[in-house]
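What follows is calculated from the coordinates using simple rules that are stated; it is not laboratory data. Values in this document were obtained by computation on a predicted structure and should not be read as measured data. As a convention, Cβ positions derive from the backbone with ideal geometry for all residues, glycine included, and neighbour counts pool all protein chains shown.
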Number of protein chains: 2
Amino acid sequence: MLSERRLEVLRAIVQDYVGTEEPVGSKALTERHKLGVSPATVRNDMAALEDEGFIAQPHTSAGRIPTDKGYRLFVDKLAGVKPLSAPERRAIQNFLDGAVDLDDVVGRTVRLLAQLTRQVAVVQYPSLTRSTVRHVELLSLAPARLMLVVITDTGRVEQRHVDCPAPFGETSLADLRARLNSRVAGRRFSDVPQLVQDLPESFDRDDQGTVATVLATLLETLVEESEERLMIGGTANLTRFGHDFPLVIRPVLEALEEQVVLLKLLGEAKDPGMTVRIGHENVHEGLNSTSVVSVGYGSGGEAVAKLGVVGPTRMDYPGTMGAVRAVARYVGQILAES
Amino acid sequence: MLSERRLEVLRAIVQDYVGTEEPVGSKALTERHKLGVSPATVRNDMAALEDEGFIAQPHTSAGRIPTDKGYRLFVDKLAGVKPLSAPERRAIQNFLDGAVDLDDVVGRTVRLLAQLTRQVAVVQYPSLTRSTVRHVELLSLAPARLMLVVITDTGRVEQRHVDCPAPFGETSLADLRARLNSRVAGRRFSDVPQLVQDLPESFDRDDQGTVATVLATLLETLVEESEERLMIGGTANLTRFGHDFPLVIRPVLEALEEQVVLLKLLGEAKDPGMTVRIGHENVHEGLNSTSVVSVGYGSGGEAVAKLGVVGPTRMDYPGTMGAVRAVARYVGQILAES
DNA sequence: TGCTGGCACTCGTACGTCATGAGTGCCAGA
DNA sequence: TCTGGCACTCATGACGTACGAGTGCCAGCA
């Protein structure tokens, strides 16, 4: 087990390195922190920390930098979550309050998060499957062509075209619309498949095909992965990655463009609270030199989606975690109000 | 006026520089192109081209690179638009045909354009004001709370909450919905303000306030600039900008994050055909080292929005212009079908 | 047993020198 | 008007050197 002081040394190394972006040596450490011991002692501690794999040397005669394992220990044991200041909190609320619709909420959230953390922000739209149905609308575009619009309690709107196997009258349409809504409105999306299962049977034979097609389209919109959407922002902050950034930035940008990768990234987080993935803990290779801080958010007690930031492993973890948590809370509030 | 051969020299310089990313000298030029004259002659031509401001030297003993003015001449006089190959065209069509809704169409278009041009792609959603209304839907969320959903012929869906000054009954709601649709369905959005102007008068006094509020919200969604949306992609291609890219990439990423800047960029293009803005021709400073190729697209004869790419001034103009034009055409087709 | 000062050693960085060669401008001659 | 020749410029890369930050180790001390 590492002694109290060695942990203190690790904390000091992480803090200094995050601040300066440069390997930190024993002398500089004793000067900037009141460790109460000499550089020589710190050197011994550093050697021990290096043996354990918490820090590393870029090259022989340089200072130490934390490894992923070192950051992990720092996040788990040595640092808390830094709460935002009151003015910051007020700014968040003011900024989010002006949103007019869901796209606007998500867009503002992304910008806010990117600005607060000075990193790349990722915000997932509220999941359909974890939301409840507010309304299902059916419109006739042509005799055998319908438009299906689904609206959730979180303000999300999805629409699909439906090509009917046979012409579908206005009365049948009104009928289907009414019955559909009476069954699913207010219910959770995940329950919809069962709730509508036997619906076609109660229609005229002529209309059964169309009803079945409509329902099939409805269920299609709920398929996991294809129903997920997200928005990213603050990519300009990638330029703050460090000196070696030309090599690092490309795979990160590529990863950020693949929705699938990002969804996995956010989805991986099984913990209902905040999740921090550091460097190689990220499965995706392109993100091996980044850390991801993510958390669920929701209008009620339950999370309907996730949001987070992607930054260099050398990031201000307490501050970032504080900002992510605070933003998630306010977004949840906004959604609940709408 | 520049002689025929000097123009030929400029064309050769542009082509070589775009290919190699390195300043091109007189000797290399005569070797790679059949100009029929010696390097010394080419040197004289180059000196003339430099006097006219079409090319420049990074430093004394280096080759020449085209200036913005040089590229401009190249685009205007020396190069055509390179049509895509048949397989490429087929690939475009196949890829776009799979889209399920407008978001999907725009998303696919962005990815396609980024992939074809290997540059950053920007696609604007069909403008509301230039589309026609397919349907307006009103839903009751609470006694004094409505949701307004607007659907366009291009498949775009916008929704807004409406807080009513007084409770609004189901029958009034159905009434308003029907009257609203009979007036505006199939009409152009830009005509909507006049078409609904006198609508409140025909309602009971109790409901007039609510009707007015609904109409105000409807008109709000049509306000220019706030109604515009767009999607970008292919930012990973920014890493192909060149050696000096760390300095260049940041302002570009920042510009790309500001919708306003991008909308201006696309909107600036007054020409109904393709527009090319080279380097400093872009008003926004961050984009001074980029070129923007943009073009309008639409379901009918008229453009409902624009799309384009942002890349280094040193880009393959004929190829890029060909790809942009082809994609715009196919997107127009897809929208017309939906 | 743990801390400290001292000391030799490593090695990345900065700097100055120098040779190389690509590329130019200019000029005289065809 | 084009061409070959020639002197000149200057960025680039290789090489050697000095510097200094930082380390590991050891002997001495509490």
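Listing for the model above:
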{"item": "Qualifying residue in region B:154-165 (condition: under 29 Å from residue B:230 (Cα atoms), crowded, with 20+ Cβ neighbours inside 10 Å, of a type in the set (Ser, Thr, Tyr) and touching a helix residue (DSSP H, G or I) at 6+ places or on another chain (Cβ under 7 Å))", "result": "yes"}
{"item": "Matching residues, region A:126-147, being among the hydrophobic types (A, V, I, L, M, F, W, C) and farther than 12 Å from residue B:137 by Cβ", "result": "A:128, A:133, A:141, A:142, A:144, A:146"}
{"item": "Subset of region B:96-144 [more than 20 Å from the chain's Cα centre (by Cα) and in a strand (DSSP E or B)]", "result": "B:132, B:133, B:134, B:135, B:136, B:137, B:138, B:139, B:140, B:141, B:142"}
{"item": "Some residue of region B:184-203 being of a type in the set (Lys, Arg) and either within 14 Å of another protein chain (Cβ to nearest Cβ) or free of Cβ contacts under 8 Å to residues at least 24 places away in the same chain (or both)", "result": "no"}
{"item": "Count - residues of region B:26-42 that are within 8 Å of DNA strand D (Cβ to nearest atom), touching a residue at least 12 places away in the same chain (Cβ under 8 Å) and surrounded by fewer than 17 Cβ atoms within 10 Å (Cβ to Cβ)", "result": "3"}
{"item": "Flag for residue B:24 being within 15 Å of DNA strand C (Cβ to nearest atom) and under 22 Å from residue B:321 (Cβ atoms)", "result": "no"}
{"item": "Members of region B:166-183 found to be surrounded by fewer than 14 Cβ atoms within 10 Å (Cβ to Cβ), touching a residue at least 24 places away in the same chain (Cβ under 8 Å) and within 14 Å of chain A (Cβ to nearest Cβ), listed by number", "result": "B:170"}
{"item": "Failed item in (1) away from chain A (no Cβ under 13 Å); (2) closer than 30 Å to residue B:133 by Cβ, with residue B:313 passing the rest", "result": "(2)"}
{"item": "Matching residues in region B:43-85 - criterion: being within 21 Å of residue B:289 (Cα to Cα), of a type outside the set (A, V, I, L, M, F, W, C) and away from DNA strand C (no atom under 16 Å from the Cβ)", "result": "B:68, B:69, B:71, B:72, B:76"}
{"item": "Qualifying residue in region A:111-131 (condition: among the aromatic types (Phe, Trp, Tyr) and within 13 Å of chain B (Cβ to nearest Cβ))", "result": "yes"}
{"item": "Selected residue (only one of B:285, B:254, B:268 is within 16 Å of the chain's Cα centre (by Cα) and farther than 20 Å from residue B:80 by Cα)", "result": "B:268"}
{"item": "Matching residues, region A:44-65, being closer than 12 Å to residue A:6 by Cβ and crowded, with 17+ Cβ neighbours inside 10 Å", "result": "A:45, A:46, A:49, A:54, A:55"}
